[in-house]
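Below is one structure, written out as structure tokens, with a few remarks after it.
The values are calculated or read from the model by the stated rules, or taken from the named source; none is laboratory data. Keep in mind that what you see is a predicted model, and the values were worked out from it rather than measured. Note that each Cβ is placed from the backbone with ideal geometry, even for glycine, and that neighbours are counted across all protein chains shown.
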Amino acid sequence: MLSTVTISSPDGETEAEFAPEANLVCCSLRVRGEELLDHGHGLEAYAERGKTMGIPLLHPWANRLSGRGYTVAGHTVSLPEPDGRYALDPNGLPIHGALPGLLRWSVEADSPTDRLAATLAWRSDELLELFPFEHELTMDVRVGPGELTIETVLHATGEQAVPVSFGFHPYLRLPGSSRRDWRVTLGATQRLVLDERMIPTGAREPLAVRSFVLGDASWDDGLNGLDDPPRFAVASDRLTATMTFERGFAYGQVYAPEGHDFICFEPMTAPTDALRTGRGLRAVAPGASFSAEFSLAVV
């Protein structure tokens with residue numbers, strides 16, 4: 001049984017629960033007693049098999065790679081056979097980075113009850129074989145009335161620059177309502193053209209519809225040309241959940257598969273497959289840091 005840590009807003013209205021032994025996934029977010037996150041197959045399945053749920057961090061790559069290897073920053077990496085270190089999508093492509101069970105965070109003690117600070121060191125051989133760039137991640141989480149804010153900082157602790165291609169995958173749900181009636185607003189102007197494997201081709205096209213009723217539509221679209229600030233919202237007659245990419249996230253993804261009562265507004269530091277294509281890929285110089293932050297507000 002994986003242990004969790006819960007933080008809450010000063011008024012007790014908002015509670016967020018995290019699992020440090022499973023990549024610090026936010027496995028529950030409750031506002032006024034109502035659960036705002038989809039639990040998918042559960043925390044154990046997420047940790048052991050990468051079955052995403054809650055609000056998971058995707059690192060060191062967000063979404064898919066178009067092959068089992070990449071060349072970046074002077075390194076050519078051939079990923080080992082899937083041996084419990086990363087998952088594959090239905091096309092056999094590596095997806096969502098390292099499996100969560102490998103990513104165990106150290107939580108800072110004596111933090112305020114409305115805040116969580118934690119650190120992940122990327123220096124073991126089993127992790128460096130997937131991504132040979134020594135670094136450290138820190139996460140600073142804060143909760144307020146109806147609000148959750150997550151800041152992630154990548155520190156390049158080794159002698160090499162570190163490529164940045166992480167992202168998050170929040171599974172949002174609006175209790176007491178059906179997706180058929182959800183009103184969605186997208187804070188982006190462009191859609192990334194994808195091939196049949198859901199890999200960006202490099203082309204972009206205008207995002208023709210930015211506000212719509214979700215209904216039975218299925219979405220799995222990469223987004224660029226983000227608003228300033230980028231805000232993504234889903235609303236029912238009772239609740240509105242708004243994701244704001246505060247800084248550091250230049251790309252997004254909207255994911256709402258047919259038949260599921262959730263929608264994901266995914267903040268991404270780089271587009272899918274950036275480690276292989278180099279498109280939109282940034283790097284952190286040795287000794288430097290990169291920070292990205294998003295917030296989720298529920299009213």
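With the requirement that a residue be among the aliphatic types (A, V, I, L, M) and under 17 Å from Arg276 (Cα atoms), what does region 190-224 give you? Steps first, please.
Within region 190-224, the first condition is being among the aliphatic types (A, V, I, L, M), and the residues that meet it are 192-194, 198-199, 203, 207-209, 213-214, 217, 223.
Selection gives Leu192, Val193, Leu194, Met198, Ile199, Ala203.
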Leu223 being hydrophobic (A, V, I, L, M, F, W, C), outside any loop (DSSP other than H, G, I, E, B), touching a residue at least 24 places away in the same chain (Cβ under 8 Å) and within 16 Å of Val162 (Cα to Cα): no
Conditions (1) free of Cβ contacts under 8 Å to residues at least 40 places away in the same chain; (2) touching a strand residue (DSSP E or B) at 6+ places or on another chain (Cβ under 7 Å) -> His59 fails only (1)
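Quick check: is even one residue across region 127-135 in a strand (DSSP E or B), buried (at least 21 other Cβ atoms within 10 Å of the Cβ) and modelled with pLDDT of 95 or more? I'd like the intermediate steps shown before the answer.
Going through region 127-135, the residues in a strand (DSSP E or B) turn out to be 135.
Cutting the leftovers down to buried (at least 21 other Cβ atoms within 10 Å of the Cβ) gives us 135.
When the remaining residues are screened for being modelled with pLDDT of 95 or more, the result is 135.
Scanning region 127-135 turns up at least one residue that is in a strand (DSSP E or B), buried (at least 21 other Cβ atoms within 10 Å of the Cβ) and modelled with pLDDT of 95 or more.
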Listed by range, strands (runs of 3 or more DSSP E) wholly within region 1-75 having at least 3 residues that are crowded, with 22+ Cβ neighbours inside 10 Å and aliphatic (A, V, I, L, M) are 25-31
If you go through Leu2, Leu93, Leu29, the only one that is modelled with pLDDT under 95 and aliphatic (A, V, I, L, M) is Leu2
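From the list Ala87, Ala109, exactly one residue is over 25 Å from Val234 (Cα atoms), free of Cβ contacts under 8 Å to residues at least 24 places away in the same chain and of a type in the set (A, V, I, L, M). Which is it? Reasoning before the result, please.
Values: Ala87 fails: free of Cβ contacts under 8 Å to residues at least 24 places away in the same chain.
That would be Ala109, the only listed residue that is over 25 Å from Val234 (Cα atoms), free of Cβ contacts under 8 Å to residues at least 24 places away in the same chain and of a type in the set (A, V, I, L, M).
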* Could you tell me whether region 228-238 includes any residue that is part of a strand (DSSP E or B), of a type in the set (Phe, Trp, Tyr), modelled with pLDDT of 95 or more and surrounded by 18 or more Cβ atoms within 10 Å (Cβ to Cβ)? => yes
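If you take the residues of region 97-125 that are acidic (Asp, Glu) and touching a strand residue (DSSP E or B) at 6+ places or on another chain (Cβ under 9 Å), which of them is surrounded by the fewest Cβ atoms within 10 Å (Cβ to Cβ)? Spell out how you get there, then give the answer.
Step one: filter region 97-125 for residues acidic (Asp, Glu), giving 108, 110, 114, 125.
Restricting the remaining residues to those that are touching a strand residue (DSSP E or B) at 6+ places or on another chain (Cβ under 9 Å) gives 108, 114.
Numbers: Glu108: 13, Asp114: 17.
The residue in question is Glu108.
Of all residues in region 197-209 being of a type in the set (Val, Ile, Thr) and over 14 Å from Val254 (Cα atoms), which is surrounded by the most Cβ atoms within 10 Å (Cβ to Cβ)? I'd like the intermediate steps shown before the answer.
Let us first name the residues in region 197-209 that are of a type in the set (Val, Ile, Thr), namely 199, 201, 209.
The next check asks that each one be over 14 Å from Val254 (Cα atoms); those that pass are 199, 201.
Numbers: Ile199: 22, Thr201: 11.
The selected residue is Ile199.
Give the number of residues within region 182-198 that are touching a Leu at 6+ places or on another chain (Cβ under 8 Å) and touching a residue at least 40 places away in the same chain (Cβ under 8 Å). Show your work before the answer.
First, pick out the residues of region 182-198 that are touching a Leu at 6+ places or on another chain (Cβ under 8 Å): 182-184, 186-192, 197.
Then keep just the ones that are touching a residue at least 40 places away in the same chain (Cβ under 8 Å); that gives 182-184, 186-188, 192, 197.
Count: 8.
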Counted residues in region 210-220 being part of a strand (DSSP E or B) and either buried (at least 18 other Cβ atoms within 10 Å of the Cβ) or over 17 Å from the mean Cα position of the chain (by Cα) (or both) come to 3
